[in-house]
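Quick notes on the structure that follows.
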Amino acid sequence: MLDVTPTPLQRLWCERRRGYSLPAEFYLSPEVFKADMAVIFGRHWIYVGVEPDVPEAGDVMVVDIGKTSVAIVRDDDGAVRAFHDSAYDPAGRAARIAAALTALDPRHVLFPESIDGGDVARRVAVRLGALLFTQAEGVSASGLVRPARGRSVEQRAAPGLLATVAPDAVAEYAGPPREARPLAVAVAKPAPAGTAVLSVRHVPADPATVPLALAAFVTAAGSGVTDLDAFRQLVAALRATPGASRVLCDSGQMPRRTQVGASSTILAATCYLALGISGAPQHLQGVAGCEHVVAVNTDLHAAMIERAGLAIVQDAQAVMPALLRLLAEEAACPVGSP
C-alpha cells in the first residue's frame, strides 16, 4: 500500500492560515531551513562580493551560505573563480586522511609538494607521529632521493610511510593503462578540534627577502648595468628577487648573497631576467634549471642571449626605464579596462 503520510514540512505548509503570519515552526524548524536554502537560495544568483575583495593572485574570500561555504579565489592568471562546498578546513582534512590511513594500513603514501599537498602531508605526519620525507625527486621501491646543499649532494632514504614528491620531478606515466578503484573505508568521524578557520588568505612572501634558491622570479644585473638605482626600482616594480653576476658582487656593488652561479647560488626559478649579463660558464650553470630566461644585452652573440628563450638586443639602461614606464601605465589602468 502506498504511504501518503505527509512529512512534517508538508504538514506545516498545509496547516498554515492564509492572511496570517507564519507559525513559529517555520522559523525554527531545521527541515524548513534546509528546504528554504535548497529551493530559494540554491536556485538563484546570490551576491557575495566584488572583485576588489580579492585584489591579488592567491587571495581567497570564504562566504558561508547556510551550511555551505563558497570560496572566491583569484588564481595565478588573475581570473576570479568560485568554488562550491570548498570550506577551508586543513585540520579536519588531515584528520580524515589520517583516519583513512589508519584503517587501510598502507605501506607507502605519496603527497604532492604543493601549497595544499605539502601542508596536509605535514599535518598528517604530526597526527600519525610518522616521519615525512619531503621534496623527493627520485621515487622507487628501493629508496627516495632528493637534492641538498644547492643540489651539490643527494640525500637518500629507505621508503617510509609518508613522502612528498617535488613539483615536476616525476615524468608523466607512459606505461600500460592501469585501473584505479575507489576504496570504501569505514572510519569514525574525527572529533571536532574546537577551533575553526574563519578566513584564509595566501600572503605572498616579500620577494626582496626570499632566498635566491627558492625564488620563483629573479631579475639580475651584470656589468652592463650602470644605473643600479633604476635596477632596484625595476626589481621592486616587477616584485622579483634581486640577483647579480659575480663581477658586481666582487666589486661590492651588490651583496654577495645575490650572486648567481655554480660557485654561489643555483637557481630553480620559473623566470630569470638577465640585464647586461654576458653569460660566463659558471653563471650559465647557475641558471640551467630556470624554466624561462629573458636576456637584455647589446651583444647579439653573447652566451646569455643564446641561452635565453626571449632576447632583447639593446642597452639595459634604455630597457629598464621603458619597462618602468609600462609598469606604471599598467598600474594606473583600472582593472578590466581595455
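The values are calculated or read from the model by the stated rules, or taken from the named source; none is laboratory data. Everything numeric in this text was worked out from a predicted model, so none of it was measured. We place every Cβ from the backbone using ideal geometry, glycine too, and count neighbours over all the protein chains shown. Note: areas computed on protein heavy atoms with side chains; ligands, DNA, RNA excluded. Shrake-Rupley method; radii C 1.70, N 1.55, O 1.52, S 1.80 Å.
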### Query
Residues Asp53, Asp64: which one is modelled with pLDDT of 75 or more, open to solvent by 30 Å² or more (accessible area, probe 1.4 Å) and more than 22 Å from Arg123 (Cα to Cα)?
Asp53
### Message
Against the definition (open to solvent by 60 Å² or more (accessible area, probe 1.4 Å), among the acidic types (Asp, Glu) and at pLDDT 75 or above), how does Asp36 come out, yes or no?
### Response
yes
### Task
For region 255-288, name all the residues that are under 21 Å from Thr226 (Cα atoms), assigned to a helix (DSSP H, G or I) and open to solvent by 50 Å² or more (accessible area, probe 1.4 Å).
Arg256, Arg257
### Query
What's the number of the condition Ser223 fails, among (1) assigned to a strand (DSSP E or B); (2) open to solvent by 50 Å² or more (accessible area, probe 1.4 Å)?
(1)
### Query
Pick from Asp168, Asp105, Asp119, Asp85: which is at pLDDT 85 or above and either more than 25 Å from the chain's Cα centre (by Cα) or open to solvent by 60 Å² or more (accessible area, probe 1.4 Å) (or both)?
Asp105
## Note on the structure
So, first residue assigned to a loop (DSSP other than H, G, I, E, B) in region 299-320, second residue open to solvent by 50 Å² or more (accessible area, probe 1.4 Å) and among the polar types (S, T, N, Q), Cβ within less than 6 Å, six or more apart or across chains; the pairs are Ala302/Ser278; Asp315/Thr298
### Single match in Arg146, Arg156 (criterion: at pLDDT 90 or above, exposed (fewer than 14 other Cβ atoms within 10 Å of the Cβ) and part of a strand (DSSP E or B))
Arg156
### Task
Would you check if there is a residue in region 193-203 being over 29 Å from Met304 (Cα atoms), modelled with pLDDT under 80 and of a type in the set (D, E, K, R)?
yes
